[in-house]
1. Any idea which residue in segment 124-136 is nearest to the chain's Cα centre (by Cα), counting only those that are within 20 Å of Lys179 (Cβ to Cβ) and surrounded by 17 or more Cβ atoms within 10 Å (Cβ to Cβ)?
2. Taking segment 98-114, which residues are surrounded by fewer than 18 Cβ atoms within 10 Å (Cβ to Cβ) and either modelled with pLDDT of 95 or more or part of a strand (DSSP E or B) (or both)?
3. Right, Asn205: closer than 20 Å to Phe160 by Cβ, polar (S, T, N, Q) and in a helix (DSSP H, G or I) or not?
4. Considering only segment 150-158, I want to know if a residue exists there that is hydrophobic (A, V, I, L, M, F, W, C) and within 18 Å of Ile9 (Cα to Cα).
5. Give all pairs with beta carbons closer than 8 Å in which a residue from segment 24-49 that is modelled with pLDDT of 95 or more and part of a helix (DSSP H, G or I) meets a residue that is surrounded by fewer than 19 Cβ atoms within 10 Å (Cβ to Cβ) and among the polar types (S, T, N, Q); count only pairs at least 6 apart in sequence or on separate chains.
6. Could you tell me which numbered condition Thr54 fails, if it satisfies all but one of (1) under 30 Å from Val266 (Cβ atoms); (2) at pLDDT 95 or above?
7. Do you know which of the residues in segment 1-46 that are of a type in the set (Val, Ile, Thr) and within 26 Å of Lys191 (Cβ to Cβ) is surrounded by the most Cβ atoms within 10 Å (Cβ to Cβ)?
8. Out of Asp70, Asp81, Asp64, which single residue is modelled with pLDDT under 90 and either out of contact with any Asp or Glu (no Cβ under 9 Å at 6 or more places or on another chain) or crowded, with 18+ Cβ neighbours inside 10 Å (or both)?
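The values are calculated or read from the model by the stated rules, or taken from the named source; none is laboratory data. As the structure is a prediction and not an experimental result, all values here were calculated from the model. A quick note on method: Cβ atoms are made from the backbone with ideal geometry, for glycine too, and the neighbour counts reach across all protein chains shown.
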Amino acid sequence: MYNDIFEAIKSYNNIVIARHVGVDPDAMASQIALKDSIKLTFPEKNVFAIGNGTVKFNFIGHLDKGVDFDQLNDILLIVTDTPDKKRVDMEELTHYEKSIKIDHHPFIEKFCTIEYINDKRSSASEIVYDLIKNTDLKINKEICEELFAGIVADTGRFLFNNTTNDTFNVVREMIENYKIDFTRVYNNLYKRPLSEVKFFGFLANNILTTNNSVGYIKVSNSDLLSYGVDSATPGNLINEFSNTEELLVWLTATEDVKNNFIRVSVRSRGPVINKTLELHSGGGHALASGAKLKTFEDVDLLIKDLDNLCKEYIESSDK
């Protein structure tokens with residue numbers, strides 16, 4: 001499969017790399033690192049990383065804006081870190097000749113010509129590292145640091161159970177062979193402006209809980225404006241509740257007026273949530289998922305289903 005992907009990359013001069021909406025570090029890192037590796041290997045190729053970004057992840061790299069893809073023929077599309085077509089962030093691209101999916105989520109649907117899915121890997125970034133190391137694609141310290149950022153973020157600093165021996169071997173190689181500056185990467189990933197620190201205080205003060213340990217926070221656009229943060233911020237802060245004793249499942253539901261939907265991020269300390277999220281036009285991993293909902297009433301329906309899920313989980317654990 002690695003060779004099939006490499007041969008496709010080798011045979012196209014115009015390559016566009018996309019990933020899921022609501023960018024996170026792994027999506028951004030796998031996308032940017034793959035672009036940089038292709039450009040390092042084939043400097044003559046046109047390689048573009050597309051989608052809506054956030055200033056917070058500018059240390060990983062920059063997305064390509066203002067490209068007229070209608071002027072390009074024979075485009076290869078590569079999608080990283082995205083299991084289903086509806087979540088691909090690529091409004092500016094309407095045509096392509098061939099497509100490749102590189103993903104670590106459980107399979108939802110086939111939408112690319114070539115699909116490499118490995119849900120045993122911690123992150124899309126770890127898979128991109130595997131791809132590079134198993135083909136003639138080139139890598140350097142900067143690319144390793146981009147991928148390290150994605151791995152660290154998706155493993156929760158190696159605390160989540162998606163961390164494996166292979167994950168640690170990849171990181172060992174990055175440190176040993178490429179001398180990555182992991183301290184700099186950590187600092188960039190986890191430093192926050194004071195506005196975000198204050199905003200987390202708002203989240204902590206306004207979290208509500210159901211009878212069966214589902215925590216939820218509804219964030220309006222006026223809340224975001226009051227603290228000077230964007231609609232991605234609540235989802236970026238959701239892991240801060242991971243060690244809260246009273247919560248089994250918790251979520252943020254944030255009004256995104258620019259895109260006209262409610263951005264929902266969900267985490268779990270036990271109950272498998274991705275199947276429930278799929279019933280609400282979302283999905284993801286067993287313990288970390290998300291969705292785009294139309295209204296806060298839709299959020300209430302999701303909370304009800306998650307509460308029932310937790311109820312079943314508690315009753316099963318008691319037995």
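1. Residues of segment 124-136 within 20 Å of Lys179 (Cβ to Cβ): 125-126, 128-129, 132-133.
Now drop any that are not surrounded by 17 or more Cβ atoms within 10 Å (Cβ to Cβ), which leaves 125-126, 128-129, 132.
Working: Ser125: 10, Glu126: 13, Val128: 14, Tyr129: 16, Ile132: 20 Å.
Across segment 124-136, the extreme among qualifying residues is Ser125.
2. The initial filter retains those residues of segment 98-114 that are surrounded by fewer than 18 Cβ atoms within 10 Å (Cβ to Cβ), namely 98, 106-107, 109-111, 113-114.
Within segment 98-114, Lys98, Lys110, Phe111, Thr113, Ile114 qualify.
3. Details: closer than 20 Å to Phe160 by Cβ: no; polar (S, T, N, Q): yes; in a helix (DSSP H, G or I): yes.
It is false that Asn205 is closer than 20 Å to Phe160 by Cβ, polar (S, T, N, Q) and in a helix (DSSP H, G or I).
4. Step one: of segment 150-158, the residues hydrophobic (A, V, I, L, M, F, W, C) are 151-153, 158.
With within 18 Å of Ile9 (Cα to Cα) added as a condition, the list becomes none.
Checking segment 150-158: not a single residue is hydrophobic (A, V, I, L, M, F, W, C) and within 18 Å of Ile9 (Cα to Cα).
5. Sorted first by the residue in segment 24-49, then by its partner, the pairs are Leu40/Asn140.
6. Among (1) under 30 Å from Val266 (Cβ atoms); (2) at pLDDT 95 or above, the lone unmet condition for Thr54 is (2).
7. Filtering segment 1-46 for residues of a type in the set (Val, Ile, Thr) gives 5, 9, 15-17, 21, 23, 32, 38, 41.
Subset that is within 26 Å of Lys191 (Cβ to Cβ): 21, 23, 32.
Numbers: Val21: 20, Val23: 21, Ile32: 28.
Of everything passing the filter in segment 1-46, Ile32 is surrounded by the most Cβ atoms within 10 Å (Cβ to Cβ).
8. Working: Asp81 fails: modelled with pLDDT under 90; Asp64 fails: modelled with pLDDT under 90.
The match here is Asp70.
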